[in-house]
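S.K.: Below: one structure in structure tokens.
Quick note: the coordinates plus some simple rules give every number you see, no bench work behind them. This one's a predicted model, so the numbers in the text were calculated from it and none came from an experiment. Using ideal geometry, Cβ is built from the backbone for each residue, glycine included, and neighbour counts are taken over all protein chains shown.
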Amino acid sequence: MLSEVRFEGVHKIFGTETAVEDLNLTVNAGEFLVLVGPSGCGKTTTLRMLAGLERPSYGRILIGDKLVNNVSPRFRDVAMVFQSYALYPHMNVYDNLAFGMRARGASNDLVAQRVRETAEVLGLGHLLQRRPSQLSGGQRQRVALGRALIRQPQVFLMDEPLSNLDAGLRVQMRAELSRLHQRFRVTTVYVTHDQVEAMTMGDRIAVLNAGRLQQVDAPETLYDNPANMFVAGFIGSPRMNFVPGRLASSEGKASVSFLGITTPLGTGARLTAGAASGDVTVGIRPEDLMWRPAAGPDCTLTLHAEVDVVEPMGHEAYVTALCAGETVTSRFPPRSGVRTQESVELALNPARLHLFDAQSGITILQRPVAAAAETLRSVGEARTNEPAEGRSERHRQPEAPLAPSRSEEIS
Ligand SMILES: Nc1ncnc2c1ncn2[C@@H]1O[C@H](COP(=O)(O)OP(=O)(O)OP(=O)(O)O)[C@@H](O)[C@H]1O
Ligand SMILES: [Mg+2]
């Protein structure tokens with residue numbers, strides 16, 4: 001059974017501080033939902049409430065159709081990998097992995113089989129006899145991940161599980177976790193600071209800021225149609241450029257002026273009901289602001305700028321330039337040869353502009369979502385309704401009936 005997870009009007013207040021404010025969020029059954037947001041925005045608190053380690057101050061939390069507000073952690077069938085993970089120091093890796101299953105009365109054969117499979121997936125096979133103190137930080141983190149994976153629960157909660165791994169291992173584990181999710185489709189809420197993890201792993205991404213949910217959408221939709229400046233600035237690296245602009249409308253045609261130029265709004269995009277002529281904030285992603293010689297025919301707008309900083313990244317270069325008194329960042333090809341203080345021409349496709357209300361920061365321009373992104377999204381939605389094929393094999397393994405003796409799995 002795949003379980004949906006629902007937060008309904010959930011608040012968490014610590015003393016005078018509101019850590020999570022009026023959270024309404026449904027994680028679809030079998031979905032991999034990535035939760036992102038700046039430090040202190042309430043990500044861990046949200047996971048801990050779902051795991052049963054914190055009680056919501058108000059609101060309801062449901063797993064499947066069951067209200068779990070008063071259900072203790074060990075009866076929720078949720079496995080959590082913590083930001084600061086805890087392993088049993090006196091047990092070796094094998095026993096750390098096996099502990100939860102043994103506590104539930106699984107047979108030795110089944111335990112041995114699952115430990116072997118899990119250790120293989122995580123590259124821990126040769127470390128099973130070691131104690132945590134004899135492991136590197138990254139190896140310990142993988143054991144912590146293994147303790148959650150081996151349980152095959154209804155819901156996985158992961159709080160930056162890859163943050164201690166080196167770059168290579170991170171990429172490998174990212175792919176491995178995605179493969180595991182493809183196979184077992186366990187409903188997952190995954191917290192990360194890593195943009196690439198968020199964009200590549202998430203069926204959808206939920207963005208939190210200061211305890212409030214800003215937007216939840218498929219990665220491409222979030223990227224192409226951010227709901228507000230916070231989401232626009234948070235998703236994407238380097239960050240979206242924001243410059244002041246003015247929106248004008250005459251005879252039903254809207255145009256926007258910014259950085260010393262004026263352009264009609266691109267075809268396809270439409271202003272929202274709340275859009276009004278006057279001051280706006282214009283958003284331009286660095287990859288949409290191109291070096292003229294490298295730009296395609298769609299880039300009909302030309303801006304003159306003076307280069308301030310060139311940051312070579314290998315496969316490309318980030319160029320920070322001064323344009324009509326504003327500092328903007330653009331992405332250049334790797335060997336453009338441009339230097340500091342050089343004058344350059346930048347090119348922009350007007351269809352790639354973002355517009356935000358100058359006061360509220362809320363988007364006032366709905367851009368068409370790329371056809372490919374739409375398809376991806378509908379596939380994502382469809383597959384959450386599929387029966388859980390593939391995952392049944394291991395789930396049907398005879399395991400002794402749950403005899404939850406200790407709450408160790410979650411703490
Ligand atoms: N037990 C607690 N008592 C008081 N305040 C708390 C408690 N736990 C969390 N907070 C506060 O609630 C807010 C949200 O904390 P939380 O740990 O959920 O943030 P986070 O998004 O996980 O941040 P990070 O990315 O740094 O891990 C923070 O301001 C934090 O100080
Ligand atoms: Mg946290």
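S.K.: With just the Cα atoms of the chain, tell me how far they stretch along each of the three principal axes, in Å, largest first.
M.R.: Cα spread of the chain along its principal axes, largest to smallest: 73, 46, 43 Å.
S.K.: Could I ask something else about it? So, counting K/R as plus one and D/E as minus one, what does the shell of residues with Cβ under 11 Å around SER136 add up to?
M.R.: Details: positive: ARG130, ARG140, ARG142; negative: ASP166.
With Lys, Arg at +1 and Asp, Glu at -1, the neighbours total +2.
S.K.: Stokes-Einstein at 10 °C, 1.306 mPa s, Kirkwood radius from Cα pairs: D for the stretch 145-196 in µm² s⁻¹? Don't skip to the end; give the middle numbers.
M.R.: Numbers: Rh = 11.6 Å.
Answer from the Stokes-Einstein relation: 137 µm²/s.
S.K.: Something else now. With springs only between Cα atoms under 10 Å, which of LEU222, LEU157, LEU322 fluctuates most in a Gaussian network model of the chain?
M.R.: Comparing LEU222, LEU157, LEU322 in the GNM, the peak value goes to LEU322.
S.K.: Where the Cα atoms of the stretch 238-368 are projected onto their three principal axes, how long is each span, largest first, in whole Å?
M.R.: Largest to smallest, the principal-axis extents are 44, 29, 22 Å.
S.K.: Can you list residues whose amide H is under 5 Å from TYR190's amide H, if they're 5+ apart or on another chain and H is modeled 1.01 Å from N?
M.R.: The list, which skips near neighbours in sequence, is LEU33, VAL34, LEU35, MET158.
S.K.: Same structure, new question: Counting other beta carbons within 10 Å of each Cβ, put CYS41, CYS299 in order, fewest first. Let's see the in-between values first.
M.R.: On the way: CYS41 22, CYS299 19.
Listing CYS41, CYS299 from fewest to most nearby Cβ atoms yields CYS299, CYS41.
S.K.: Between HIS193 and HIS304, what is the label-point separation in nm under the 7 Å Cα-to-beta-carbon projection?
M.R.: Output for this residue pair reads 4.3 nm.
S.K.: For the pair ARG131/HIS90, report the inter-label distance in nm, with labels modelled 7 Å from Cα in the Cβ direction.
M.R.: 1.0 nm
S.K.: Please arrange SER72, SER133 by counting, for each residue, the other beta carbons lying within 10 Å of its beta carbon, fewest first.
M.R.: On the way: SER72 12, SER133 9.
Final ranking by Cβ density, sparse to dense: SER133, SER72.
S.K.: How much net charge surrounds VAL34 when only other residues with a Cβ under 13 Å from its Cβ are counted (Lys, Arg +1; Asp, Glu -1)? Before the final figure, lay out each step's value.
M.R.: Values: positive: LYS43, ARG174, ARG204; negative: GLU31, ASP159, GLU160, ASP194, GLU197, ASP203, ASP217.
Taking every Cβ under 13 Å from that of VAL34, the sum is -4.
S.K.: Take the alpha-carbon centre of the stretch 1-41, take the same for the stretch 215-245, and report the distance between them in whole Å.
M.R.: Using only Cα atoms, the two centres lie 20 Å from each other.
S.K.: Ranking TYR58, TYR223, TYR318 by Cβ neighbours within 10 Å, fewest first, what do you get? Can you show the working numbers first?
M.R.: Working: TYR58 11, TYR223 20, TYR318 16.
Going from sparsest to densest Cβ surroundings: TYR58, TYR318, TYR223.
S.K.: Along the Cα→Cβ direction, 7 angstrom out, place labels at SER39 and ARG102. What is the inter-label distance in nm?
M.R.: In this crude spin-label approximation the distance works out to 3.8 nm.
S.K.: Convex hull over the Cα atoms of the stretch 83-180, averaged projected area in nm²? Write down the numbers at each step before the final one.
M.R.: Numbers: hull surface 24.3 nm².
One quarter of the hull surface, i.e. the mean projection, equals 6.1 nm².
S.K.: While we're looking at this one, here's another question. Can you run phi through the Karplus equation (6.51, -1.76, 1.60; θ = phi - 60°) for the stretch 268-275 and list ³J(HN,Hα) in whole Hz, with x for Gly and Pro?
M.R.: x, 6, 9, 6, 6, 4, x, 6
S.K.: Do the sum for the chain: with -39,500 (n - 2.57) for every DSSP H run of n ≥ 4, divided by all residues, what is the mean residue ellipticity at 222 nm, to the nearest 500 deg cm²/dmol? Don't jump to the answer; show the numbers that get you there.
M.R.: Details: 10 runs with 102 residues, N = 411.
Value at 222 nm, helices only, nearest 500: -7500 deg cm²/dmol.
S.K.: So, one more: When the chain is fully extended, how far beyond the present Cα-Cα distance does GLU117 get from ARG335, taking 0.36 nm per residue of separation?
M.R.: Values: separation 218, 0.36 × 218 = 78.48 nm, distance 4.63 nm.
Full extension from GLU117 to ARG335 adds 73.9 nm.
S.K.: Give me the net charge of VAL328's neighbourhood, meaning all other residues with Cβ under 12 Å from the Cβ of VAL328; Lys, Arg count +1, Asp, Glu -1.
M.R.: Working: positive: ARG239, ARG285, ARG331; negative: ASP288, GLU306, ASP308, GLU326.
Charge balance in the 12 Å sphere: -1.
S.K.: Across the chain, where is the longest run that never hits trypsin sites (Lys or Arg not before Pro) in a DSSP loop with at most 12 other C-beta atoms within 10 Å?
M.R.: Values: sites that count: ARG335, ARG339, ARG396, ARG406.
It works out to 1-334.
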